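Novice: Provided herewith is a single structure, encoded as structure tokens, for subsequent inquiry.
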Amino acid sequence: MFDERSPIYVQIADGIKNDILSGALEEDGQVMSTNQYAAFYRINPATAAKGFAQLVDEGVLYKKRGIGMFVTPDARAKLRDERRKRFFADVVGPMLEEAARIGVSVDEIRKHLDGATR
């Protein structure tokens, strides 16, 4: 599940975010404890805790003392908005800049996209 491209705790946080976006984890739903997560994926519990702490800091998860970690009620919408902004900044913006450099019109891009979605 984990690769060498980024720290494991970042991959943990990203995986949980993806599960929230896909609906695999529901808002206000409980997530595995850090110890369960560490045992399941055979990683250091401190690494799992660091990934979960990042999600708490970002407002994606919240703690109920003595019960566990839960997905915040607005996590899906918040994550979707963040990802959309990043998509346009990191993917669409550079694509349009490159298209302009090489003489590809927006209409040509639109036709290509329309063909790809059929």
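Novice: Which count do you get for residues in segment 35-71 that are in contact (Cβ under 8 Å) with a residue 24 or more places away in the chain, assigned to a helix (DSSP H, G or I) and not aromatic (Phe, Trp, Tyr)?
Specialist: Within segment 35-71, residues that are in contact (Cβ under 8 Å) with a residue 24 or more places away in the chain, assigned to a helix (DSSP H, G or I) and not aromatic (Phe, Trp, Tyr) number 6.
Novice: Now for a different question. Of the conditions (1) more than 23 Å from Met1 (Cα to Cα); (2) β-branched (Val, Ile, Thr); (3) over 17 Å from the mean Cα position of the chain (by Cα), Val91 satisfies every one except a single condition; which number is it?
Specialist: (3)
Novice: Scan segment 101-110 for residues that are surrounded by 11 or more Cβ atoms within 10 Å (Cβ to Cβ) and either touching a helix residue (DSSP H, G or I) at 6+ places or on another chain (Cβ under 6 Å) or in a helix (DSSP H, G or I) (or both) and jot them down. First the steps, then the outcome.
Specialist: From segment 101-110, those surrounded by 11 or more Cβ atoms within 10 Å (Cβ to Cβ) are 104, 108-109; that's our starting set.
Scanning segment 101-110 gives Glu108, Ile109.
Novice: Hey, does segment 28-40 have a residue that's within 13 Å of the chain's Cα centre (by Cα) and modelled with pLDDT of 95 or more?
Specialist: no
Novice: Only one of Leu96, Leu21 is touching a residue at least 60 places away in the same chain (Cβ under 8 Å) and not basic (Lys, Arg); which? Reasoning before the result, please.
Specialist: Values: Leu96 fails: touching a residue at least 60 places away in the same chain (Cβ under 8 Å).
Criteria check complete, one pass: Leu21.
The rows are residues; the columns are (1) of a type in the set (A, V, I, L, M, F, W, C); (2) surrounded by fewer than 18 Cβ atoms within 10 Å (Cβ to Cβ); (3) not assigned by TED's automatic domain parsing to the domain that holds Ile109.
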residue	(1), (2), (3)
Asp14	no, yes, yes
Val31	yes, no, yes
Asn35	no, yes, yes
Val56	yes, yes, yes
Met69	yes, no, yes
Val91	yes, yes, no
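Novice: Using beta carbons and a limit of 9 Å, which pairs, at least six apart or on different chains, have the first residue in segment 72-93 and under 16 Å from Tyr62 (Cβ atoms) and the second one among the small types (Gly, Ala, Ser) and surrounded by 11 or more Cβ atoms within 10 Å (Cβ to Cβ)?
Specialist: These pairs meet every condition: Thr72/Gly59; Asp74/Gly59; Ala75/Gly59; Lys78/Gly59.
The values are calculated or read from the model by the stated rules, or taken from the named source; none is laboratory data. Everything quoted here is computed from the prediction, not taken from an experiment. In this analysis, Cβ positions are derived from the backbone assuming ideal geometry, glycine residues included, and neighbour counts consider all displayed protein chains.
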